[in-house]
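Enquirer: One structure coming up, written as structure tokens, with questions to follow.
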Amino acid sequence: MSSPPAASWETRDDLGFAVRLLSEIPVHEGRDPELLRHWARTAGAFGAALAPVPCRARVTERADGLERGLLARYVSRPTPTVELYTDTLAAAEELIDARGWRHWYPPGSVREAALAHEAVHEQLHHGLAKGALKRALGHLVLRAGRFRLYGHVAGAEEIAAHAYARTVCGLGRSPLHLTAALADAVTQREK
């Protein structure tokens, strides 16, 4: 995700970060910006409305997240597992303190939000929510009489997971905002 100007980190709305996420996915090149905005808004509302679910996957910790560009990751095989990247979690906590964002992200909330986020990926991977999200997005790819087939919208599950995490963790801003800021900070540090 490319970086917005420094002054806009505090003022840019979470929907703007979601639209940017969609617009930077190659399959969405050339799509109408209003369609991307609709999908981002719909995916966010869908995620925010999901009922709280516990993370049932096994949780492991690793320390190579910054080099891999990951804060957390859900893998379904061989055993459903959430990998938490402790170096990235620590960098996120440092960034929150440095930017004065503690009112949005209380202590420990980054880890809590990462687990909540990955619990939704688990739910979307194994449950009925995936089809419900596709129907909500309304990306119709095939219609034959009354039969309708809704297509996958790349990036929508990620937006839904961030919105869910914000809601269930009671965060002041979406974790998507923090993720984008963290990616920018790491990129700036590497220059």
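Enquirer: On the basis of being within 15 Å of the chain's Cα centre (by Cα) and crowded, with 17+ Cβ neighbours inside 10 Å, does Leu124 make the cut?
Expert: Working: within 15 Å of the chain's Cα centre (by Cα): yes; crowded, with 17+ Cβ neighbours inside 10 Å: yes.
So Leu124 passes the test.
Enquirer: Shifting gears a bit: Kindly indicate which of Arg146, Arg99 is over 21 Å from Tyr85 (Cβ atoms), open to solvent by 60 Å² or more (accessible area, probe 1.4 Å) and among the charged types (D, E, K, R).
Expert: Exactly one residue qualifies, and that residue is Arg146.
Enquirer: With the structure loaded, tell me whether Ala51 is small (Gly, Ala, Ser), in a loop (DSSP other than H, G, I, E, B), closer than 19 Å to His162 by Cβ and open to solvent by 40 Å² or more (accessible area, probe 1.4 Å) or whether it fails that test.
Expert: Against the criterion (small (Gly, Ala, Ser), in a loop (DSSP other than H, G, I, E, B), closer than 19 Å to His162 by Cβ and open to solvent by 40 Å² or more (accessible area, probe 1.4 Å)), Ala51 qualifies.
Enquirer: Still on this structure, please answer the following. Which of the residues that make up segment 19-48 are open to solvent by less than 70 Å² (accessible area, probe 1.4 Å) and among the aliphatic types (A, V, I, L, M)?
Expert: Result: Val19, Leu21, Leu22, Ile25, Leu35, Leu36, Ala40, Ala43, Ala45, Ala48.
Enquirer: Another question about this same structure. Take the residues in segment 54-70 that are assigned to a loop (DSSP other than H, G, I, E, B) and open to solvent by less than 40 Å² (accessible area, probe 1.4 Å), then tell me which one is modelled with the lowest pLDDT.
Expert: Pass one, segment 54-70, residues assigned to a loop (DSSP other than H, G, I, E, B): 54-57, 63-64, 69-70.
Next, from what is left, pick out any that are open to solvent by less than 40 Å² (accessible area, probe 1.4 Å): 57, 64.
Details: Ala57: 86, Asp64: 92.
My answer is Ala57.
Enquirer: On to the next question. Looking at (1) closer than 28 Å to Ala185 by Cα; (2) modelled with pLDDT of 95 or more, find the lone condition where Phe46 falls short.
Expert: (1)
Enquirer: Which count do you get for residues in segment 1-18 that are open to solvent by 50 Å² or more (accessible area, probe 1.4 Å) and modelled with pLDDT of 90 or more?
Expert: Final tally of qualifying residues: 0.
Enquirer: Shifting gears a bit: Please verify whether Thr88 is touching a strand residue (DSSP E or B) at 6+ places or on another chain (Cβ under 6 Å), open to solvent by less than 40 Å² (accessible area, probe 1.4 Å) and of a type in the set (S, T, N, Q), treating the condition exactly as stated.
Expert: No: the conditions fail for Thr88.
Enquirer: Output yes when any residue across segment 169-189 is loosely packed, with under 14 Cβ neighbours inside 10 Å, over 18 Å from the mean Cα position of the chain (by Cα) and farther than 20 Å from Ile25 by Cβ, and no when none is.
Expert: Yes, some residue in segment 169-189 is loosely packed, with under 14 Cβ neighbours inside 10 Å, over 18 Å from the mean Cα position of the chain (by Cα) and farther than 20 Å from Ile25 by Cβ.
The values are calculated or read from the model by the stated rules, or taken from the named source; none is laboratory data. Quick caveat: nothing in here was measured; it's all calculated off a predicted structure. Here Cβ is always computed from backbone atoms with ideal geometry, including for glycine, and neighbour counts include all displayed protein chains. Only protein heavy atoms, including side chains, enter the accessible area calculation; ligands, DNA and RNA are left aside. Shrake-Rupley method; radii C 1.70, N 1.55, O 1.52, S 1.80 Å.
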